[in-house]
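Just below is one structure, and these are the notes that go with it.
Every read-out reported here was derived from the displayed coordinates using simple, explicitly stated rules and does not represent laboratory data. Here the structure is a predicted model, which is why all the values come from computation and not from measurement. Positions of Cβ are backbone-derived with ideal geometry, glycine not excepted, and every protein chain shown enters the neighbour counts.
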Amino acid sequence: MTISIILASKGREVVTIAPSASLASAVGLLVEKRIGAVLILGADRRVVGILSERDVVCALAERGAGALEEPVSQTMTRKVSTCNENESVLNIMERMTEGRSRHVPVVDQGELVGIVSIGDVVKHRLHEMERDSTAMHDYILTA
């Protein structure tokens, strides 16, 4: 199964913000949308960073409440691991685990087309396992 299956189910909406926006406005966006991360897009609409709840907590711990007035570009994680729609869900799950990341933007020819979270991946795997279990159960009953 590929990432495209997850996107077909959850949708392709991605919450983004500009690198010049304040950390406070990014935090407001995280709260308003009830999400754990927001993507930072440059002028060319390409991913230049990601801001997670963890990034916000670290900024507050290191720089205090004044960090909220700084631009997001000072706090965001610049090295963003991306994937494409044709990558397998298992591969992305492994990459998320190894990289300790909870969100992976989906990019097609440099263009942002979606985002998958660890929750999306786990939900997909649970549905797969349930479907396999049901199929095995049905097979045993008819054998």
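Residues are listed down the side, and each one gets a yes or a no for (1) in contact (Cβ under 8 Å) with a residue 24 or more places away in the chain; (2) buried (at least 16 other Cβ atoms within 10 Å of the Cβ); (3) aliphatic (A, V, I, L, M):
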residue: M1; (1), (2), (3): yes, no, yes
residue: I6; (1), (2), (3): yes, yes, yes
residue: L39; (1), (2), (3): yes, yes, yes
residue: G42; (1), (2), (3): no, no, no
residue: G49; (1), (2), (3): yes, yes, no
residue: V56; (1), (2), (3): yes, yes, yes
residue: G66; (1), (2), (3): no, no, no
residue: V72; (1), (2), (3): yes, yes, yes
residue: S88; (1), (2), (3): yes, no, no
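For L126, state whether it is without any contact (Cβ under 8 Å) to a residue 12 or more places away in the chain and not in a loop (DSSP other than H, G, I, E, B). So L126 passes the test.
Counting only residues that are touching a helix residue (DSSP H, G or I) at 6+ places or on another chain (Cβ under 9 Å) and not in a helix (DSSP H, G or I), the stretch 97-114 holds 7 of them. Filtering E62, E85 for residues that are outside any strand (DSSP E or B), within 21 Å of K123 (Cα to Cα) and acidic (D, E) leaves a single hit, E85. For V31, the criteria (1) in contact (Cβ under 8 Å) with a residue 24 or more places away in the chain; (2) among the β-branched types (V, I, T); (3) not in a strand (DSSP E or B) hold in every case but one, which is (1).
Based on this model, can you work out whether T77 counts as farther than 25 Å from A8 by Cα and in contact (Cβ under 8 Å) with a residue 12 or more places away in the chain? Yes; evaluated as a whole, the condition is true for this residue. Mind counting the residues in the stretch 87-143 that are more than 22 Å from the chain's Cα centre (by Cα) and within 20 Å of G36 (Cβ to Cβ)? Counting residues in the stretch 87-143 that are more than 22 Å from the chain's Cα centre (by Cα) and within 20 Å of G36 (Cβ to Cβ) gives 0.
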